[in-house]
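Everything on this sheet refers to the single structure shown next.
The values are calculated or read from the model by the stated rules, or taken from the named source; none is laboratory data. Owing to the predicted nature of the structure, the values given are computational and were not obtained by experimental measurement. Backbone-built Cβ (ideal geometry, glycine too); neighbour counts: all protein chains shown.
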């Protein structure tokens, strides 16, 4: 069964591409964003607290960071439930595979406001299933039987998602009354944390760095 799941994962990965058109090439030199507050604050700060000196210092720090972000490529993690596998259809022998660019669709509170952070590909962020989201991949995938699809879906629950993104000229939006920061996604990959094997990627990607501590206990 592991072989069947591995074959399904390989089938989901993108086809080989030129060296310059790979996830690794696009991510080269990217800023790794580990704390989303470091991204959200400069893009949303009003700098209107304190006296004139404090406000001026705040604006100086904010504007310097905004200028850095304007020309930067960013590498971020998406929420784990952004990747999902639906129910297997016996008639088509396929299951729907979906990836949304939810960086923090649950919202991040900062300075009294809650910001939903998403990435966008060709889709505009919208309110769906109780939260703002933006689809990056939404397609069916063939599986030989229901058991194989279920095993793959169970495996997918532990998958990790990385996004390569840039900050657009106007990242702040309001979607269904919610404050949204929308980044331009230029690449993504879904991988298994144990061995780094690629489940889904655009553009194509080699294995990510694995962590044996994340491997299932035998």
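Things to note:
- Residue within region 147-159 that is at pLDDT 90 or above and within 16 Å of residue 182 (Cα to Cα) present: no
- Test: residue in region 15-26 that is assigned to a loop (DSSP other than H, G, I, E, B), within 19 Å of the chain's Cα centre (by Cα) and either modelled with pLDDT under 95 or buried (at least 16 other Cβ atoms within 10 Å of the Cβ) (or both): yes
- Subset of region 36-60 [surrounded by 14 or more Cβ atoms within 10 Å (Cβ to Cβ) and without any contact (Cβ under 8 Å) to a residue 40 or more places away in the chain]: 42, 47, 55, 58, 59
- Scanning region 182-193 for residues that are buried (at least 21 other Cβ atoms within 10 Å of the Cβ), touching a helix residue (DSSP H, G or I) at 6+ places or on another chain (Cβ under 8 Å) and at pLDDT below 95 yields a count of 1.
- Qualifying positions in region 170-211 - in a loop (DSSP other than H, G, I, E, B) and touching a residue at least 60 places away in the same chain (Cβ under 8 Å): 171, 192, 197, 203, 204, 205, 206
- None of 177, 196, 121, 129 is buried (at least 16 other Cβ atoms within 10 Å of the Cβ) and on the phi > 0 side of the Ramachandran plot except 196.
- The conditions of being buried (at least 18 other Cβ atoms within 10 Å of the Cβ) and either over 21 Å from the mean Cα position of the chain (by Cα) or closer than 30 Å to residue 145 by Cα (or both) are not met by residue 69.
- Members of region 87-97 that are part of a strand (DSSP E or B) and surrounded by fewer than 16 Cβ atoms within 10 Å (Cβ to Cβ): 89, 96
- Meets criteria (closer than 20 Å to residue 205 by Cβ and at pLDDT 90 or above) for residue 142: no
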